[in-house]
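Everything on this sheet refers to the single structure shown next.
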Amino acid sequence: MQSLAVSALSPAGNTVEIVERKGLGHPDTICDALAETLSRNLCREYLRRFGEVLHYNVDKVLLCGGRSAPAFGGGAVLAPINIYLAGRAVNKVGNDAINIREIAIDGSRAWMRANLHALNADREVHIQEVIQPGSGDLQQLFSRRGGKVPLANDTSIGVGYAPMSPLELLVLAAEKRINGRDRNRDHPAWGEDIKVMGIRQGSLVNLTVACAMIGKHLAHIDDYLAEKAAIGDFVQELAAAHGFADCQAGINAADDPKAGIIYLTVTGTSAEADDDGQVGRGNRVNGLITPCRPMSLEAAAGKNPVSHAGKIYNIVARRIAETLVATVPQVSAAHCLMVSRIGAPVTRPAIVEVRLTTRDQYPVAQLRQRVEEITADALNGIPGLIDDFMAGNIEVF
């Protein structure tokens with residue numbers, strides 16, 4: 001494999017590690033989720049009606065926050081959240097029109113109803129669909145095939161690494177478990193807009209957790225403080241389970257209860273008044289923001305899973321790294337970098353670079369054949385990823 005480079009990765013760990021996750025109800029994550037929901041729904045509609053996925057990229061979603069008046073025991077949304085769904089998609093085949101607007105808006109409202117338990121997705125959100133057909137040259141490129149393999153529709157970068165560090169696993173688990181509860185029955189005052197920031201300096205770990213509290217489930221400030229304390233206890237227990245018995249945790253750290261400053265909301269998301277959102281500004285495809293690790297700036301959510309290498313390669317690079325760590329005993333850590341070339345088969349990147357940390361200084365050069373095999377398997381499996389993307393089995397944020 002001439003486009004494969006294999007080299008050694010320094011085993012030295014970082015003295016300082018910073019890890020962030022924007023949770024389910026964060027405005028940026030909402031945008032990612034709506035873009036990916038629309039992507040999956042377009043795939044299904046195109047396949048149902050035409051037997052194949054047509055050209056689209058709907059990775060441009062913008063959320064403009066509304067206005068609200070939160071209060072203990074209730075509160076009100078004064079001006080709705082505005083969401084703009086933009087991008088490119090085939091909306092007509094011959095005389096057969098595709099109702100992109102209906103697919104986009106209905107799917108977005110369905111996602112919000114299912115995932116934001118205190119938000120009224122019909123009354124408190126205004127959605128505008130501004131999707132247009134793509135350019136003729138990109139539609140033609142999409143329709144071409146290198147044999148049966150789609151051609152990359154962009155020159156893009158994908159990166160992945162393995163294994164996750166204990167801090168990365170803790171930050172990911174903290175948000176997922178808080179939002180993974182039965183939100184209507186278990187701590188309904190906890191909103192879905194949860195952000196976790198983890199900092200490790202040597203062995204000292206500090207977590208800052210922001211959670212949008214929902215006023216209608218709190219009678220007064222004592223209830224609010226009790227819910228904050230419950231999140232703190234939960235995070236401390238989770239940290240201990242991940243090996244950080246001395247973790248320091250701060251919850252809603254900007255609060256000043258004596259001054260009446262607390263993180264109180266009507267809907268459980270800062271999108272109601274305090275923040276805006278956009279696709280690609282949040283979590284990478286592994287669910288985290290990791291500035292101490294290799295990261296791509298690619299906005300994966302909403303991109304076409306057939307030929308957009310910016311989406312595909314970030315998933316494949318991560319899988320190559322994970323497979324190397326999981327199946328090659330001599331490998332303790334792996335980084336993978338992939339670059340596509342527009343117009344080339346998506347299974348044939350311009351270059352793949354793999355960097356390895358080995359146990360007991362095992363020579364990296366002796367692992368090249370195994371790296372080639374794992375990389376080739378991952379690249380050959382790219383066409384099969386479409387079904388998993390369409391089914392929602394692959395997370396991209």
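Output the number of residues of segment 257-309 satisfying the condition of being in contact with a helix residue (DSSP H, G or I) (Cβ under 6 Å, 6 or more places away or on another chain) and free of Cβ contacts under 8 Å to residues at least 24 places away in the same chain.
Selection size over segment 257-309: 0.
Can you tell me which of (1) surrounded by fewer than 16 Cβ atoms within 10 Å (Cβ to Cβ); (2) farther than 30 Å from residue 394 by Cβ is the one residue 243 doesn't meet?
Among (1) surrounded by fewer than 16 Cβ atoms within 10 Å (Cβ to Cβ); (2) farther than 30 Å from residue 394 by Cβ, the lone unmet condition for residue 243 is (2).
For (1) closer than 18 Å to residue 266 by Cα; (2) free of Cβ contacts under 8 Å to residues at least 12 places away in the same chain; (3) crowded, with 20+ Cβ neighbours inside 10 Å; (4) touching a helix residue (DSSP H, G or I) at 6+ places or on another chain (Cβ under 8 Å), each residue gets a yes or a no:
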{"residue": "62", "(1), (2), (3), (4)": "no, no, no, yes"}
{"residue": "76", "(1), (2), (3), (4)": "yes, no, no, no"}
{"residue": "82", "(1), (2), (3), (4)": "yes, no, no, no"}
{"residue": "91", "(1), (2), (3), (4)": "no, no, no, yes"}
{"residue": "94", "(1), (2), (3), (4)": "no, yes, no, no"}
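This table checks each residue for (1) of a type outside the set (D, E, K, R); (2) farther than 28 Å from residue 272 by Cα; (3) in contact with a Lys or Arg (Cβ under 6 Å, 6 or more places away or on another chain).
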{"residue": "6", "(1), (2), (3)": "yes, yes, yes"}
{"residue": "24", "(1), (2), (3)": "yes, no, no"}
{"residue": "46", "(1), (2), (3)": "yes, yes, no"}
{"residue": "60", "(1), (2), (3)": "no, no, no"}
{"residue": "63", "(1), (2), (3)": "yes, no, no"}
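How many residues, within segment 2-41, are closer than 30 Å to residue 376 by Cβ and either surrounded by fewer than 24 Cβ atoms within 10 Å (Cβ to Cβ) or over 12 Å from the mean Cα position of the chain (by Cα) (or both)?
12
Counting only residues that are outside any strand (DSSP E or B) and of a type in the set (A, V, I, L, M), which one in segment 336-346 is nearest to residue 287 (Cα to Cα)?
346
Suppose we keep only residues that are charged (D, E, K, R) and surrounded by fewer than 19 Cβ atoms within 10 Å (Cβ to Cβ) within segment 341-365. Which one would you say is nearest to residue 386 (Cα to Cα)?
So the residue we want is 348.
List the number of the failed condition for residue 360; all other conditions in (1) more than 25 Å from residue 152 (Cβ to Cβ); (2) assigned to a strand (DSSP E or B); (3) not hydroxyl-bearing (Ser, Thr, Tyr) hold.
Unmet for residue 360, out of (1) more than 25 Å from residue 152 (Cβ to Cβ); (2) assigned to a strand (DSSP E or B); (3) not hydroxyl-bearing (Ser, Thr, Tyr): (2).
How about segment 82-116: which of its residues are closer than 28 Å to residue 212 by Cα, small (Gly, Ala, Ser) and not in a helix (DSSP H, G or I)?
86 - this is the single residue of segment 82-116 that is closer than 28 Å to residue 212 by Cα, small (Gly, Ala, Ser) and not in a helix (DSSP H, G or I).
Tell me yes or no: at least one residue of segment 151-160 is more than 21 Å from the chain's Cα centre (by Cα), closer than 30 Å to residue 346 by Cβ, in contact (Cβ under 8 Å) with a residue 40 or more places away in the chain and not in a loop (DSSP other than H, G, I, E, B).
yes
Do you know which residues across segment 305-335 are of a type in the set (A, V, I, L, M), within 15 Å of residue 165 (Cα to Cα) and not in a strand (DSSP E or B)?
321, 325, 326
Test residue 196 against the stated conditions and say whether it is buried (at least 19 other Cβ atoms within 10 Å of the Cβ), in contact (Cβ under 8 Å) with a residue 60 or more places away in the chain and either assigned to a strand (DSSP E or B) or out of contact with any strand residue (DSSP E or B) (no Cβ under 6 Å at 6 or more places or on another chain) (or both).
Details: buried (at least 19 other Cβ atoms within 10 Å of the Cβ): yes; in contact (Cβ under 8 Å) with a residue 60 or more places away in the chain: yes; either assigned to a strand (DSSP E or B) or out of contact with any strand residue (DSSP E or B) (no Cβ under 6 Å at 6 or more places or on another chain) (or both): yes.
Yes; evaluated as a whole, the condition is true for this residue.
Within segment 238-254, is there a residue that is modelled with pLDDT of 95 or more, more than 30 Å from residue 386 (Cα to Cα), in contact with a strand residue (DSSP E or B) (Cβ under 8 Å, 6 or more places away or on another chain) and part of a helix (DSSP H, G or I)?
Yes - at least one qualifying residue is present in segment 238-254.
Looking for something under 16 Å from residue 22 (Cβ atoms) and either of a type in the set (D, E, K, R) or at pLDDT 95 or above (or both) - is there at least one such residue anywhere in segment 144-167?
no
Among (1) part of a helix (DSSP H, G or I); (2) modelled with pLDDT of 95 or more, there is one condition residue 137 misses while meeting the rest; what is its number?
So residue 137 meets the others, but not (2).
Could you check, for segment 209-223, whether at least one of its residues is farther than 30 Å from residue 77 by Cβ, buried (at least 16 other Cβ atoms within 10 Å of the Cβ), touching a Phe, Trp or Tyr at 6+ places or on another chain (Cβ under 8 Å) and of a type in the set (A, V, I, L, M, F, W, C)?
No.
Return the pair list, or none, for Cβ contacts closer than 7 Å from residues in segment 378-397 that are at positive phi to residues that are surrounded by fewer than 18 Cβ atoms within 10 Å (Cβ to Cβ) and not small (Gly, Ala, Ser), at least 6 apart or on different chains.
392/40
Can you tell me which residue in segment 289-303 is surrounded by the fewest Cβ atoms within 10 Å (Cβ to Cβ), limited to those that are assigned to a loop (DSSP other than H, G, I, E, B) and touching an Asp or Glu at 6+ places or on another chain (Cβ under 6 Å)?
Once the filter is applied, the top-ranked residue is 292.
The values are calculated or read from the model by the stated rules, or taken from the named source; none is laboratory data. Just so it is clear, the structure is predicted and the values come from calculations on it, not from any experiment. Glycine also receives a Cβ, built like all others from the backbone with ideal geometry; neighbour counts cover every protein chain displayed.
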